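Asks: What follows is a single structure, and I will ask about it in a moment.
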Amino acid sequence: MANAAAPEPKENMGQPMPRIDGRLKVTGGARYPSDIRLKEPVYAALALSSIALGSISRFRLDAARAVAGVIDIFTHETLSDAIKEQVMMGQSEQAGYAASTIRPLQSASILHDGQIIAIVVADTFEAATEAARLVAPEYDARTPSATFGSDGVTIEEAAKISKKHEDPKIGDAEAALRTAEVKVDNRYSTPVQHHNPIELFTTSCIWDGPKLTIFEPSQTAHGLRFGVAQQLGMNPDDVHVVSSFIGGAFGSKGATTERTALIAAIAKKLDRPVKFVSSRADAFFVSTYRAETEQRVALAASRDGKLTALIHEGHEVTSRPDGYFVGGTDTTTRMYACPNISTKVSVVHADRKTPGFMRAPAEMPYMFVLESAMDELAETLGIDPVELRRINDTQIEPIKGLAFTSRSLMPCFDAAAAAFRWSERNRKPGAARDGDWLIGQGCATSCYPTMVAPATARVSLMPDGTAHVETAAQDVGTGTYTVVAQMAAERLGIDARHVKVTLGDSKLPPAPVSGGSNVTASVCSAVAKACDAINEKLRGSNSQNLAEQFRRLGVSELVEYAETVAPGASPEGIDQLYKGISALGGGPKLKDRIQYAFGAQFIEVAVHSRTREIRVRRMTGAFAAGRIMNTRTARSQLMGGMIGGIGSALLEATEIDRRYARYVNKNLADYEVPVNADIEALDVILVPETDDKVNAVGVKGVGELGIVGTAAAVANAVYNATGIRVRDLPIRLDALLT
Amino acid sequence: MTQFLKYVAGIQRRQMLYGTAATLAFLLVSRVVVARQKPVGKAAGGIAHEAGDKVDLVLDINGQERHLSLDGRTSLLDALRDHLDLTGSKKGCDHGQCGACTVHVDGRRVLSCLTLASMASGKKITTIEGLAGPDGGLHPMQAAFIEHDAFQCGYCTPGQIMSAVACVEEGHADDAAEIREYMSGNICRCAAYPNIVAAIEHAKVAMGRA
Ligand code: FES
Ligand code: FES
């Protein structure tokens with residue numbers, strides 16, 4: 001039987017080698033950070049604020065302290081000198097690592113629901129958990145502003161917050177919209193979402209004199225090392241982070257969150273190893289979240305379907321102190337040819353935790369809106385949605401006039417449309433039925449900016465043809481262990497099964513954050529360069545036999561270390577990398593070119609004619625992302641992205657009680673994510689593409705591409721099934737009850 | 001949006017399960033032998049409870065007898081992970097909502113986070129570490145998971161595999177639709193679902209249950 005999980009490699013695609021860490025993962029042998037055995041640890045549990053704004057007037061801790069086994073309870077009264085000011089990751093010119101500037105336990109002030117107000121430490125997990133529930137604060141509570149439309153929120157333009165953001169603009173879009181032959185102009189919204197990786201957020205801290213070791217699942221071992229050092233005012237050389245296996249991340253384990261330095265400070269005070277494993281409810285606060293957005297998109301076109309105007313405005317919620325935003329208009333303005341474009345991104349400050357990145361941070365919410373609007377325009381024009389994309393396809397982006405390094409959008413549409421049998425679709429909404437079910441089909445564009453970061457790696461080759469690759473890069477489930485082995489094997493001409501790969505440890509040569517789908521491109525570039533240097537040395541001998549070459553060279557191993565930056569990028573990025581900063585560049589931010597991966601998704605839904613239950617019956621995605629290192633792991637990532645997109649489309653939302661600015665559904669029963677029964681037929685097509693401009697190895701990355709556009713394809717399919725256009729995610733049956 | 005109720009070891013995942021095993025302990029503590037070592041505390045409602053009291057027990061895990069002295073509230077999951085260094089079973093929610101902690105107790109799949117360690121005493125417990133043969137040969141389900149790339153981060157995987165083996169042995173793996181239904185108590189946030197279904201369909205043959 002053919003194995004769908006291991007697609008036959010096409011041009012510019014690597015073998016579907018099974019994951020080299022597979023055996024460890026299926027036997028329970030992979031040690032995730034909370035699996036590391038500690039010597040006589042004590043256990044920490046959090047008490048979180050139950051108000052969103054105000055301050056703590058006093059604590060009643062007697063009941064909590066009376067729990068047998070409790071060692072100590074730390075609050076702002078006892079720990080307020082522990083944490084120095086911190087800089088947010090990627091938000092300013094300064095070296096920043098933190099998810100937020102908010103520093104819990106450093107004062108009595110409460111700035112959001114679920115802020116850490118106390119940390120209980122006890123001999124056992126059970127005692128710590130019980131005592132944390134008995135921590136009784138008294139508050140001076142004030143009325144918080146929850147979200148859009150709440151009293152007291154303040155609005156700030158993104159362009160005023162960050163020099164990195166410029167609202168893309170060209171021509172006169174408002175004038176073009178006024179005079180347009182055909183237009184659509186609508187408002188959309190996307191909800192709060194939480195990453196909810198299945199591994200809980202965990203931290204174990206152990207001190208040995210001035211040296212601190214942290215076991216924590218992290219998307220950036222070096223970033224966490226520097227982040228904690230910054231918060232504790234320590235020498236970063238004294239901090240060691242171990243994160244060999246990471247149980248899913250999706251953005252939630254990228255920036256340094258509040259709990260790590262606090263747990264470290266407590267471990268130091270107690271002089272004991274401290275282990276912290278978050279509860280699932282607390283996990284909704286321990287890390288960040290995808291903020292809700294409200295957006296307006298207006299599209300204007302001539303009767304033949306050519307876009308004449310695009311207006312895209314986005315509002316995103318953030319905390320009071322931090323101007324965090326994702327700003328997806330950089331991408332939405334680059335998708336189609338259009339002479340008149342105007343955009344604006346603004347943040348809305350509310351009494352909320354600072355949000356953060358979640359899988360395709362900007363592209364998921366913003367492309368949902370653009371691709372929904374494209375479908376609405378196609379419908380208004382009476383043009384097939386695929387043809388509308390073809391009419392407006394371009395190899396030159398319209399804002400700066402830069403050429404795409406490669407753009408296979410239409411080949412993806414054509415491949416997916418053929419496999420999906422799009423030509424058999426009934427264009428009339430509500431016309432196709434299967435018994436009691438209304439059937440609808442929709443499609444959308446997927447894309448993701450190709451980002452590359454500076455990276456380093458060390459490769460050792462032995463005379464017996466085995467090799468060892470060392471780099472601090474993380475494998476968050478993406479397959480980094482495996483593709484790194486494949487890259488080294490290919491360059492060294494050895495068997496990939498003979499390559500050992502060590503990752504996820506801040507003692508290793510630094511590598512960028514596992515974010516922005518950059519790691520395969522960035523790290524494989526460094527690995528390839530180190531291997532090339534080894535090959536250069538081997539050329540010192542003429543022998544064809546590896547062992548003989550080593551003998552003649554008089555060495556027992558060849559070790560090479562390499563540093564790489566993206567084509568055209570500054571070598572200073574390596575110095576930043578050595579300070580824990582990942583200088584990601586690429587996508588629409590380059591001066592001489594623009595680089596994106598593209599895809600097309602087609603989805604069929606069935607909507608029950610009476611109950612309005614929505615089922616996804618089949619999904620087809622076709623994607624082109626430059627070189628594919630391993631068709632098996634690439635397909636899995638794209639598939640995971642598409643299913644994550646189904647979650648965004650139909651299930652996932654963290655509900656807020658607007659009166660109190662508090663989350664309501666902090667568990668996996670009420671925050672619904674896709675389960676096995678939600679996913680029926682799913683087909684991933686890898687479209688061959690070669691791009692030698694994006695980076696040394698021609699890889700674009702696929703970690704986020706698959707989740708972009710899915711929600712729009714679902715919304716468009718729901719429209720085709722029912723004639724009802726839903727512009728607010730997630731789409732639930734109540735939106736279809738008319 | 002699932003069509004039917006999902007059962008894992010008789011527990012609906014989307015049922016409101018807000019209590020932990022520790023809460024359950026208050027109800028069940030009278031059934032186990034408690035070796036009092038510390039004074040009995042008083043809970044908020046005035047109910048006597050046994051916080052911190054140790055329970056001596058023997059567990060039969062992967063064919064080995066393991067002797068433990070635990071806080072009476074310790075879940076089977078925490079006993080495995082924190083007291084026996086069997087960290088293959090994972091904690092994804094501690095509330096019976098994710099399936100990452102699934103083990104076999106007397107051949108049935110059970111959520112170890114909702115099972116007190118003391119309740120498993122005298123029963124035969126199999127964890128992911130006990131699934132491979134003594135020679136290290138993989139169980140057909142483990143091999144199929146690798147071959148079909150039925151995981152990415154691997155965190156839900158031990159639970160998925162233990163559920164998958166039970167799913168086949170229960171006779172709930174007749175076709176893809178049935179597998180999807182009976183595997184829906186195990187969340188995979190990386191979303192390897194189609195690959196998990198394919199792995200089970202293949203392993204079923206090797207397990208002689210096709
Ligand atoms: S940890 Fe037991 S079901 Fe989630
Ligand atoms: S493999 Fe990551 S949660 Fe399933």
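Asks: Taking the Cα centre of the protein assembly as shown as the origin and placing charges on Cβ (Lys, Arg +1; Asp, Glu -1), which of A:Pro191, A:Ser446, A:Thr129 is farthest toward the positive end of the dipole?
Replies: The residue sitting most towards the positive pole is A:Thr129.
Asks: Show me the helices of chain A, taken as full DSSP H stretches, that run 15 Å or more along their long axis by Cα and average 0.0 or above in Kyte-Doolittle hydropathy.
Replies: Those that pass (Cα extent of 15 Å or more, hydropathy at least 0.0) are A:221-232, A:258-270, A:363-381, A:409-420, A:480-492, A:519-538, A:631-646, A:710-722.
Asks: Mind checking which of A:Leu224, A:Asn665, A:Pro33 is farthest towards the positive end of the protein assembly as shown's charge dipole, using Cβ charges of +1 (Lys, Arg) and -1 (Asp, Glu) about the Cα centre?
Replies: Result: A:Asn665.
Asks: Right, here's the next one. Using modelled backbone amide H atoms (1.01 Å from N, in-plane), which distant-in-sequence or interchain residues come within less than 5 Å of A:Arg433's amide H?
Replies: A:Ile439
Asks: Something else: For chain A, what is the percent of antiparallel DSSP beta bridges, rounded to the nearest 5?
Replies: So the antiparallel bridges in chain A amount to around 75 percent.
Asks: Each label point is 7 Å from the Cα along the Cα-to-Cβ direction; what then is the distance between the points at A:Glu166 and A:Thr380, in nm?
Replies: 3.0
Asks: Cross-link partners among lysines for A:Lys344, C-alpha distance below 21 Å, same-chain residues fewer than 8 apart left out?
Replies: A:Lys160, A:Lys163, A:Lys164, A:Lys169, A:Lys183, A:Lys400, A:Lys589
Asks: Hand me the GluC sites (Glu not before Pro) from the stretch A:617-697 located in a DSSP loop with no more than 16 other Cβ atoms within 10 Å, in residue order please.
Replies: Hits after loop and neighbour filter: A:Glu655.
Asks: How high is the FRET efficiency between A:Lys428 and A:His608 when r is their beta carbon distance and R₀ equals 22 Å, given to the nearest 0.05?
Replies: It comes to 0.70.
Asks: Determine the shielding of peptide A:190-200 by partner chains: average, over its residues, the number of Cβ atoms on other chains within 10 angstrom of each Cβ.
Replies: 4
Asks: Put +1 on the Cβ of every Lys and Arg and -1 on every Asp and Glu Cβ in chain A; which of A:Tyr324, A:Pro588, A:Gly248 then has its Cα farthest towards the positive end of the dipole?
Replies: A:Gly248
Asks: How well do other chains shield peptide B:91-103, expressed as the mean number of their Cβ atoms within 10 Å of each residue Cβ?
Replies: 5
Asks: Evaluate the relative contact order of chain A (contact order divided by residue number), counting alpha-carbon pairs under 8 angstrom at least 6 apart; express in whole percent.
Replies: So the answer I get is 17 percent.
Asks: Kindly rank A:550-561, B:78-89, A:620-631 from highest to lowest mean number of other beta carbons found within 10 Å of each residue.
Replies: The peptides rank, most packed first, as A:620-631, B:78-89, A:550-561.
Asks: Quickly work out the A:Thr101-to-A:Tyr578 label distance, labels modelled 7 Å from Cα along the C-beta direction, and quote it in nm with one decimal.
Replies: 3.0
Asks: Around A:Val345, which amide H atoms from residues at least 5 apart in sequence, or from another chain, sit under 5 Å from its own amide H, with H modelled in the peptide plane?
Replies: Long-range HN contacts for A:Val345: A:Ala158, A:Ala159, A:Gly314.
Asks: So, one more: Taking a spot 7 Å from the Cα of A:Asn12 along the direction of its beta carbon, which residues of the stretch A:619-640 have an amide N less than 11 Å from it?
Replies: A:624-628
Asks: In deg cm²/dmol and to the nearest 500, what is the mean residue ellipticity at 222 nm of chain A if only DSSP H runs of at least 4 residues count, each as -39500 (n - 2.57), divided by the residue total?
Replies: Mean residue ellipticity, 222 nm, calculated: -7000 deg cm²/dmol.
Asks: Compute the Kirkwood hydrodynamic radius of the stretch A:342-396, taking the inverse of the mean of 1/r over all pairs of distinct Cα atoms, and give it in Å to one decimal.
Replies: 14.0 Å is the Kirkwood radius here.
Asks: Starting from the amide H of A:Thr308, placed 1.01 Å from N in the peptide plane, find each other amide H under 5 Å away whose residue is 5 or more places distant or on another chain.
Replies: Sorted by chain and number, the residues that satisfy this are A:Ala300, A:Ala301, A:Ser302.
Asks: For the stretch A:464-569, what is the charge dipole size about the Cα centre, in debye to the nearest 20, if Lys and Arg each add +1 at the Cβ and Asp and Glu each add -1 at the Cβ?
Replies: Around 140 debye, computed over the stretch A:464-569.
Asks: Karplus couplings for the stretch A:286-297 from phi (6.51 cos²θ - 1.76 cosθ + 1.60, θ = phi - 60°), rounded to Hz, Gly and Pro as x?
Replies: Result, ordered by residue: 5, 10, 9, 7, 8, 6, 5, 10, 10, 9, 10, 10 Hz.
Asks: In square nanometres and to one decimal, what's the mean projected area of the convex hull around the Cα atoms of the stretch A:269-332?
Replies: Projected over every direction and averaged, the Cα hull of the stretch A:269-332 covers 8.3 nm².
Asks: Take A:Glu156, project a point 7 Å from its Cα along the Cβ direction, then tell me which residues of the stretch A:70-110 have their backbone nitrogen under 19 Å from it.
Replies: Only A:85-104, A:110 fall inside the zone, counting backbone N under 19 Å.
Asks: Test of understanding: extend the Cα→C-beta vector of B:Ala210 to 7 Å, then name every residue of the stretch B:113-149 with backbone N under 17 Å from that spot.
Replies: What the label zone holds, given the 17 Å backbone N cut-off, is B:140-145, B:147-148.
Asks: Straight distance only, please: which lysines reach the Cα of A:Lys10 with their own Cα at less than 30 Å, same-chain residues fewer than 8 apart left out?
Replies: A:Lys25, A:Lys500, A:Lys529, A:Lys693, A:Lys700
Asks: How large is ³J(HN,Hα) for each residue in the stretch B:176-190, as worked out from phi by the Karplus curve 6.51 cos²θ - 1.76 cosθ + 1.60 (θ = phi - 60°), to whole Hz, x for Gly and Pro?
Replies: Per residue, the Karplus-derived 3J(HN,Hα) values read 4, 5, 5, 4, 4, 5, 7, 10, 7, x, 10, 7, 10, 6, 6 Hz.
Asks: Antiparallel as a % of all DSSP beta bridges within the stretch A:453-585, to the nearest 5?
Replies: Approximately 75 percent, going by the DSSP bridge assignments.
Asks: I've got another one for you. So what's Rg/Rh here for chain A, counting alpha carbon atoms and using the Kirkwood radius for Rh?
Replies: 0.98
Asks: What is the average number of partner chain Cβ atoms found within 10 Å of a Cβ in A:609-622?
Replies: The shielding value for this peptide is 1.
Asks: Report ³J(HN,Hα) in whole Hz for each residue of the stretch A:117-124, in order, from the Karplus equation J = 6.51 cos²θ - 1.76 cosθ + 1.60 where θ = phi - 60°; Gly and Pro get x.
Replies: Working through the residues one at a time gives 10, 7, 10, 9, 10, 9, 5, 10 Hz.
Asks: Continuing with the same structure: What FRET efficiency, computed as 1/(1 + (r/R0)^6) with R0 = 35 Å and r the Cβ-Cβ distance, is obtained for A:Arg659 and B:Gln64, rounded to the nearest 0.05?
Replies: Calculated transfer efficiency: 0.05.
Asks: Return the lysines within reach of A:Lys211: Cα separation strictly under 25 angstrom, same-chain partners fewer than 8 residues apart disregarded; answer none if there are no such residues.
Replies: Of all the lysines, those that pass the test against A:Lys211 - Cα under 25 Å, at least 8 places apart if same chain - are A:Lys39, A:Lys84, A:Lys253, A:Lys268, A:Lys269, A:Lys275, A:Lys507, A:Lys579.
Asks: I've got another one for you. Could you work out Rg/(2.2 N^0.38 Å) for the stretch A:542-610, with Rg from alpha carbons only?
Replies: The value comes to 2.22.
A short reminder: the numbers here are calculations on the coordinates, not readings from a lab. All figures in this text were calculated on a predicted structure; none of them were measured in a lab. Cβ: placed from backbone, ideal geometry, glycine included. Neighbour counts: every protein chain shown.
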